[in-house]
Amino acid sequence: MTPQELKNSILQLAIQGKLVEQRPEEGTAQELYAQIQAEKQHLIKEGKLKKEKPLPEITEDEKPFEIPEGWMWVRLGHLCNIINGFTPSRSNPDFWNGSIPWFTIDDIRRQGRFISHTAQYITNKALSKGTQRLIPPETVLLCCTASVGEYAYTKIALTTNQQFNALVIQEENTHLIWSMYLYVFAQTLKPQIIEGAGKTTFNFLSVGKLKEFLVPIPPFDEQKRIVAKIEELLPLVDRYEHAWTKLEDFNRRFPEDMKKSILQQAIQGKLVEQRPKEGTAQELYAQIQAEKQRLIKEGKIKKEKPLPEITEDEKPFEIPDGWMWVRWGDLSESIQYGFNAPAQNSGRIKMVRISDIQDGKVLWGSVPFCQIEENEIPKYLLKKNDILFARTGGTVGKSYLVREVSEEAIYAGYLIRTRYSSSLVPEYLKCFMESPLYWDQLKNGTIATAQPNCNGKTLSKMILPLPPLAEQKRIVARLEELLPLCERLK
């Protein structure tokens, strides 16, 4: 149950007579109502009170639920004078910046539902031009236009804009219904107001309809006990809401936090056991470097400027014996920026953009074509096991492992492609590029601008823990078991 559902339940129990006990010695609402009606008729007869148009009798079918003996159903129009709000002309400076508080829904957003001041004030001149009089303190304010069902309780005399109606308890009824009980009842009205407003472009509930709303009235002393009980319970609801929000936040973050933790365990050598017979990363690294030298000698890749040695201070954690800290650039055969060209509906070859990669997949149906010279294509052509890296914008740092190329394609300029030794497991490298260690290094190397960007040098200098080849494969196999569980938790 959400905190709001719990609060709604408490309020509903309150107006159904199920929150506090009934006490026969407190009399009945019917007795009090009969006395008030007799007094009203006497005042009407004497001409001291105006006779109002009668409201419809309450039928059994109208009553939404059973109420206790000693309670009674009364139409809201028999309890309150319902006063519309208004907005003085903005073009007349004589109407504004006076001393009379003028209430709008923004005042609820600023200070809550108990109103002790307003952001805007009008003048006596504006009030005399309006159709409403000043609303007294201890009055319920109910929104029946636009944001229907919003409510507040004013502690001060004020006026309101046209969104709100003031439920001013008639003087003769102040011993029948307490304004704070009416405030409790008003909090339950939103569904009824929405239904009464109807499905129109602009929600609006007329005063005529509002007058016919039914109010369940307990004896006056019971009303006070109901309000006291609610004031006792609502702080507990607030505490529940705090705990519930923390739990919801934990549940929301848990799958992603679990995934990060698993990836971190993977690159720290804590996800699978080490097996000395599988050799060492140092031996693997030596093979990779020998292969790179051969490719450089054959002119297949360029010789790069040597990267700095990895210092002890750079190493963020201990890794197992047989593992080795290496720089990404020392494993890479090339780090290549993409091709810049306008997207076209047709052309020689397709060009994959950042926006074409969603949830780890290329949406080939959305990939546009581009114009490129034939002799340029081999430089940018995508191949299986390439890793693409977003170097700018809101997706900076996101990576994509090319598992298959269903159509001949190159890649766009906001992407960097990295290729590496075939002696490495692509999925292990991709695991690193999703780990907290990768993102921490990326953050430190990102240029903070309106469009954050990162370059190939940052990627090249990143350090990563390298396990032996067979252990890389076992790590990836374990990740393929665990990471889908994280996705299912989402």
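The values are calculated or read from the model by the stated rules, or taken from the named source; none is laboratory data. Everything quoted here is computed from the prediction, not taken from an experiment. In this analysis, Cβ positions are derived from the backbone assuming ideal geometry, glycine residues included, and neighbour counts consider all displayed protein chains. The area values use the complete protein model at the heavy-atom level, side chains included, leaving out ligands, DNA and RNA. Shrake-Rupley method; radii C 1.70, N 1.55, O 1.52, S 1.80 Å.
Out of Gly393, Gly365, Gly347, which single residue is over 40 Å from the mean Cα position of the chain (by Cα) and of a type outside the set (Ser, Thr, Tyr)? Steps first, answer last, please.
Details: Gly393 fails: over 40 Å from the mean Cα position of the chain (by Cα); Gly365 fails: over 40 Å from the mean Cα position of the chain (by Cα).
The conditions single out Gly347.
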Enumerated strands (runs of 3 or more DSSP E) restricted to segment 333-426, each holding at least 2 residues that are in contact with a Leu (Cβ under 7 Å, 6 or more places away or on another chain) = 387-390, 399-401, 409-411, 415-420
What are the residues in segment 16-45 that are within 22 Å of Glu172 (Cα to Cα) and in contact with a Pro (Cβ under 8 Å, 6 or more places away or on another chain), if any?
-> Glu26, Gly27, Thr28, Ala29, Leu32
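Can you tell which of Leu464, Leu401, Leu469 is open to solvent by 40 Å² or more (accessible area, probe 1.4 Å), aliphatic (A, V, I, L, M) and touching a helix residue (DSSP H, G or I) at 6+ places or on another chain (Cβ under 6 Å)?
Working: Leu464 fails: open to solvent by 40 Å² or more (accessible area, probe 1.4 Å); Leu401 fails: open to solvent by 40 Å² or more (accessible area, probe 1.4 Å).
When all the criteria are applied, what remains is Leu469.
Take the residues in segment 231-281 that are farther than 29 Å from Val425 by Cβ and of a type in the set (Asp, Glu); name whichever of them is least open to solvent (accessible area, probe 1.4 Å). Working first, answer last.
As a first pass, look at segment 231-281 and keep what is farther than 29 Å from Val425 by Cβ: 231-253.
Next cut, of a type in the set (Asp, Glu) only: 231-232, 238, 241, 248-249.
Details: Glu231: 112, Glu232: 107, Asp238: 94, Glu241: 86, Glu248: 85, Asp249: 53 Å².
Among those residues, the one meeting the criterion is Asp249.
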May I ask you to list the residues in segment 136-149 that are aliphatic (A, V, I, L, M), modelled with pLDDT under 95 and surrounded by 15 or more Cβ atoms within 10 Å (Cβ to Cβ)?
-> Val148
Please state which one of Ala186, Ala152, Ala126 is open to solvent by less than 40 Å² (accessible area, probe 1.4 Å), in contact with a Leu (Cβ under 8 Å, 6 or more places away or on another chain), without any contact (Cβ under 8 Å) to a residue 60 or more places away in the chain and more than 18 Å from Gly77 (Cβ to Cβ).
-> Ala152
Kindly establish whether Pro218 is touching an Asp or Glu at 6+ places or on another chain (Cβ under 9 Å) and farther than 30 Å from Glu195 by Cβ.
-> no
Could you pull out the residue among Gln162, Gln170 that is open to solvent by 40 Å² or more (accessible area, probe 1.4 Å) and over 30 Å from the mean Cα position of the chain (by Cα)?
-> Gln162
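Could you grab me the full set of residues in segment 299-327 that are small (Gly, Ala, Ser) and more than 27 Å from Val272 (Cα to Cα)?
We begin by selecting, within segment 299-327, every residue small (Gly, Ala, Ser); these are 299, 322.
Hit for segment 299-327 is Gly299, nothing else.
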Could you tell me which numbered condition Gln265 fails, if it satisfies all but one of (1) under 18 Å from Leu331 (Cβ atoms); (2) assigned to a helix (DSSP H, G or I)?
-> (1)
Given the structure, is Trp178 within 28 Å of Glu57 (Cα to Cα) and either without any contact (Cβ under 8 Å) to a residue 12 or more places away in the chain or in contact with a helix residue (DSSP H, G or I) (Cβ under 8 Å, 6 or more places away or on another chain) (or both)?
-> yes
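To keep it simple, each residue is scored yes or no on (1) open to solvent by 10 Å² or more (accessible area, probe 1.4 Å); (2) small (Gly, Ala, Ser); (3) touching a Pro at 6+ places or on another chain (Cβ under 9 Å); (4) part of a helix (DSSP H, G or I).
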residue: Glu66; (1), (2), (3), (4): yes, no, no, no
residue: Trp73; (1), (2), (3), (4): yes, no, yes, no
residue: Gly77; (1), (2), (3), (4): no, yes, no, yes
residue: Ile83; (1), (2), (3), (4): yes, no, no, no
residue: Phe86; (1), (2), (3), (4): yes, no, no, no
residue: Ser91; (1), (2), (3), (4): yes, yes, no, no
residue: Asn97; (1), (2), (3), (4): yes, no, no, no
residue: Ile100; (1), (2), (3), (4): yes, no, no, no
residue: His117; (1), (2), (3), (4): yes, no, yes, no
Going through segment 6-37 in order, the residues found to be among the charged types (D, E, K, R) and open to solvent by less than 50 Å² (accessible area, probe 1.4 Å) are Lys7, Glu26
Inside segment 7-32, can you point out the residues that are assigned to a helix (DSSP H, G or I) and within 47 Å of the chain's Cα centre (by Cα)?
-> Lys7, Asn8, Ser9, Ile10, Leu11, Gln12, Leu13, Ala14, Ile15, Ala29
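Among Leu415, Leu381, Leu331, Leu424, which is the only one that is under 38 Å from the mean Cα position of the chain (by Cα) and of a type in the set (A, V, I, L, M, F, W, C)?
Within the list Leu415, Leu381, Leu331, Leu424, the selection yields Leu415.
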Of all residues in segment 282-312 being farther than 19 Å from Ser423 by Cβ and basic (Lys, Arg), which is most open to solvent (accessible area, probe 1.4 Å)?
-> Lys305
Would you confirm whether any residue within segment 432-442 is of a type in the set (Ser, Thr, Tyr), closer than 23 Å to Gln274 by Cα and open to solvent by 20 Å² or more (accessible area, probe 1.4 Å)?
-> no
